[in-house]
Each structure stands twice: as structure tokens, then as C-alpha cells.
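Let me begin by presenting the structure, written as C-alpha cells, before commenting on it.
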Amino acid sequence: MDLLKQRVKEDGVVIDERILKVDGFLNHQIDAQLMHEIGNTFHEQFKNEGVTKVLTIEASGIAPAIMTALHFNVPCLFAKKAKPSTLTKDVYHADIHSFTKNNTSTVIVSDEFLSEDDRVLIIDDFLANGDASLGLNEIVQQAQATTVGIGIVVEKSFQQGRKRLEDSGLNVSSLCKVASLKGNNVTFVDETVSEEV
Ligand code: 5GP
């Protein structure tokens, strides 16, 4: 997605060789028009999959997920970071290690909102080592629902996420693939071949 790659190049800040900060349009201030276009692109990619629900994790997955849900005309559901008092028997839950915060937290989804009839598209802002998406897929499995795919806004292809998700049989689609973060330079996987994703 050229528009996205352009924004990553212009506004992305390389924190170190592993983390990219995109607070200008995705993780703090949100470019609604860009999110709308992202939702449209995911809809094009997964429109034949019978998606009934879009699932993400709070907070930074919500913006692309809700715009994707808008294009599918289905609900957007987000996993909440659980407090002990909210961890009841009526929730599906998974322990997810945060790549950026380097801690593990339990996330929950109420069993009211996910059932075995659901065909779920998982959306997240970044793919690093895959823990967030694998945790969300675990929640889908607990509900005996079906994950039809994983849509990622920015994939960091130098990390293990895609391999781990594909090894679990999941179909991964990302809108841009970062090959490396060096100095303050973002290099995309396909940069020297073509600008198309
Ligand atoms: P994973 O679970 O795939 O290791 O990491 C994905 C999650 O960590 C995403 O939900 C995202 O919030 C966060 N994350 C991973 N890498 C980055 C990054 O380079 N920049 C930002 N802003 N978030 C990241």
C-alpha cells in the first residue's frame, strides 16, 4: 500500500533497530482517512472469507480494526487487558507477551461476543514476533470460532512473527513489510523491486 509506505517513510521514527514509532498517524494521533483506506484494503483482501467479526487488541489495533469492520459492516471486537476483578469464568483469555513493553499480560474477551459461528479476521497495527496475533487466535479457538486471516498494518519482516503464524496454519496479509530499521532509515522488503505491496 503506497500511501501507507509513504507515511511510514515521512513520519516514522526509528527508535532502535527493532522498534518503529508511528505516533503521528497510527499510535497516538490517528489519520482517519488513512485508516479508512487501510480498512478498504483489508476488505478487498478478505471479502470472500465470510467475515462476521473483526478482532484486535487494545489500544493501538482499534483504529485500523474499526475501519476494517466498517467496510465489512460487521462488529469490531477488541481484547481488553484484564484486571483481576474482570477475569471471570465468562471470558476467553490468553497471556500475551508485549514486545515493546517486555511484560506479559492477560487479555480477555467476553464469551457474549464470540461464538462458534463466527468467522474472525484478526487485525493488528504491527507484527513483530507474533505473540499478540497468536494470543488472539487462541481466544478464537477457545470460542470454537474460525480465524479466516490475520491483517497487519506494518510487518517487521526481520522478526519471527510471520513464520510463527504461518507455522500455525494462519493466513497472514500485511500492508507493508519492513526489511530493516537502520539509523533513521526504514527499508521495505520490496523497495528495490517494486513499490507495490
Ligand atoms: P508481536 O506480538 O507480534 O511481537 O508484536 C506486536 C505488538 O507489539 C503490536 O500489537 C504492537 O502494538 C507492538 N509492536 C511491536 N513492534 C512494534 C513497533 O516496532 N512499533 C510499535 N509502535 N509497536 C510495536
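Along the axis of the charge dipole computed for segment 1-135 (Cβ charges of +1 for Lys and Arg, -1 for Asp and Glu, origin at the Cα centre), the listed residues I57, T68, Q6 are led at the positive end by I57. Taking the chain as a Gaussian network of alpha-carbon nodes connected by springs under 10 Å, the highest mean-square fluctuation of the residues Q45, Q144, Q29 belongs to Q29. Label separation (D111 vs Q33): 4.6 nm, computed from points 7 Å beyond Cα along the C-beta direction.
Shape of the chain from its Cα gyration tensor (a ≥ b ≥ c, root eigenvalues): rounded if a/c is under 1.5, otherwise prolate when a/b > b/c, or oblate?
prolate
Please go through the residue pairs K47/K89; K81/K163; K9/K47; K47/K163 and name each one whose alpha carbons sit more than 32 Å apart in this structure. As for pairs spanning more than 32 Å Cα to Cα, those are K47/K89.
Given a cut-off of under 8 Å on Cα pairs at least six residues apart, what relative contact order in percent is computed for the chain? Intermediate values should be presented prior to the final figure.
Working: 394 pairs, mean separation 40.5, N = 197.
Rounded, it is 21 percent for the chain.
Applying the criteria of a DSSP loop state and at most 13 other Cβ atoms within 10 Å to the GluC sites (Glu not before Pro) of segment 17-48 yields E17. Of all the options T100, T146, T187, the one that moves most in a Gaussian network model of the chain with Cα springs shorter than 10 angstrom is T100. Anisotropy class assigned to segment 1-116 is oblate, per the alpha carbon gyration tensor with a/c at or over the 1.5 cut-off and a/b no larger than b/c.
Of the DSSP beta bridges with both residues in the chain, give the percent that are antiparallel, rounding to the nearest 5.
Details: 15 of 36 bridges.
Antiparallel: roughly 40 percent of the beta bridges in the chain.
Label positions at E58 and N73, each projected 7 Å from the Cα along the C-beta direction, are separated by 3.0 nm.
Using a probe radius of 1.4 angstrom, the carbon and sulfur fraction of the accessible surface of the chain is 48%. The angle between the Cα long axis of helix 32-46 and the main principal axis of the chain comes to about 70°, on a 0 to 90 degree scale.
Rounded, prolate or oblate, given the Cα gyration tensor of segment 66-146, with a/c below 1.5 counting as rounded?
On the way: a/c = 1.76, a/b = 1.15, b/c = 1.53.
It comes out oblate by the Cα gyration axes.
Remark: segment 152-165, residue by residue, has Karplus-estimated 3J(HN,Hα) of 10, 6, 10, 9, 9, 6, 7, 10, 8, x, 4, 4, 5, 5 Hz, where x stands for each Gly or Pro and the curve is 6.51 cos²θ - 1.76 cosθ + 1.60 at θ = phi - 60°.
Between the DSSP loop rule and a limit of at most 11 other Cβ atoms within 10 Å, which GluC sites (Glu not before Pro) in segment 85-186 are left?
Working: sites: E112, E116, E138, E155, E166; in loops: E112, E116.
Those that pass, being in a loop and sparsely packed, are E112, E116.
Report, in deg cm²/dmol and to the nearest 500, the calculated mean residue ellipticity at 222 nm for the chain, where each DSSP H run with n ≥ 4 adds -39500 (n - 2.57) and the sum is divided by the residue count.
Here the helix-only value at 222 nm equals -8500 deg cm²/dmol.
For segment 86-129, the set of trypsin sites (Lys or Arg not before Pro) satisfying both a DSSP loop assignment and a count of at most 13 other C-beta atoms within 10 Å is given as K89, K101. The lysines within cross-link reach of K5, meaning a Cα-to-Cα straight distance under 17 Å and a gap of 8 or more places when in the same chain, are K21, K156, K177, K182.
For the peptides 66-73, 104-111, what is the packing order when you average, over each peptide's residues, the other Cβ atoms within 10 Å and list the highest mean first? Don't skip to the answer; put the middle values down first.
On the way: 66-73: 19.5, 104-111: 16.8.
Top to bottom by mean Cβ count within 10 Å: 66-73, 104-111.
The values are calculated or read from the model by the stated rules, or taken from the named source; none is laboratory data. Please read these numbers as outputs of a predicted model, since none were measured by experiment. Because the Cβ atoms are built from the backbone with ideal geometry, glycine has one as well, and the counts that use them run over all protein chains shown. Side chains are part of the model used for accessible areas, which takes the heavy atoms of the whole protein and leaves out ligands, DNA and RNA. Shrake-Rupley method; radii C 1.70, N 1.55, O 1.52, S 1.80 Å.
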